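What follows draws every value from the coordinates through simple rules; no lab data is involved. Computed from a predicted model, the values in this text were never measured in an experiment. Counting neighbours? That spans all protein chains shown, and the Cβs are built from the backbone with ideal geometry, glycine included.
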Ligand code: DCP
């Protein structure tokens, strides 16, 4: 009985922590041939023109990898396969940002900027110079290491 109560309270503590952190936004670090896919935002005005890892809010009941795949389909008209996580949780105004690593699925179409001003593939030496949105800049060192490890 005590064990059940302890397990329940652990679940409640986890839920409370998740609520306190707010909604989860996923970002996609898609890698191909040593290059990273980056995307230029169009909105809101404060972020327009700055570059990000494509992604968006996780919907209720949706897993984070499923959200990554959906956002890449909706925003880039391509199909990705999630391969792992990168870095720690990043606090953003909207809640918390979690970066997932990915690769294009075999035969997937070239990503298109359906909701961005532009998308492009960037090499490890370029990443420090990119005009990143603040949260994404925090993982630049991890992104460079990711590209160099492959
Ligand atoms: N964000 C970020 N870095 C990313 C992706 C998103 O800092 N790589 C931030 C920008 C926004 C918030 O997360 O403040 C939500 O991102 P989007 O607007 O791209 O996500 P959605 O389109 O899903 O959300 P909404 O439709 O609610 O704007």
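Points to keep in mind about this one:
- Residue 130 vs. criteria closer than 19 Å to residue 147 by Cβ and within 16 Å of the ligand (Cβ to nearest atom): yes
- Unmet criterion (only one of (1) surrounded by fewer than 16 Cβ atoms within 10 Å (Cβ to Cβ); (2) under 23 Å from residue 125 (Cα atoms); (3) over 10 Å from the mean Cα position of the chain (by Cα)) for residue 44: (2)
Here is a yes/no grid of residues against (1) free of Cβ contacts under 8 Å to residues at least 12 places away in the same chain; (2) assigned to a strand (DSSP E or B):
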position	(1), (2)
46	yes, no
56	no, yes
60	yes, no
109	no, no
145	yes, no
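- Of all residues in segment 62-102 being in contact with a helix residue (DSSP H, G or I) (Cβ under 7 Å, 6 or more places away or on another chain) and part of a loop (DSSP other than H, G, I, E, B), the one that is farthest from the ligand (Cβ to nearest atom): 79
- Condition met for residue 119 (assigned to a strand (DSSP E or B), in contact with a strand residue (DSSP E or B) (Cβ under 7 Å, 6 or more places away or on another chain) and within 14 Å of the ligand (Cβ to nearest atom)): yes
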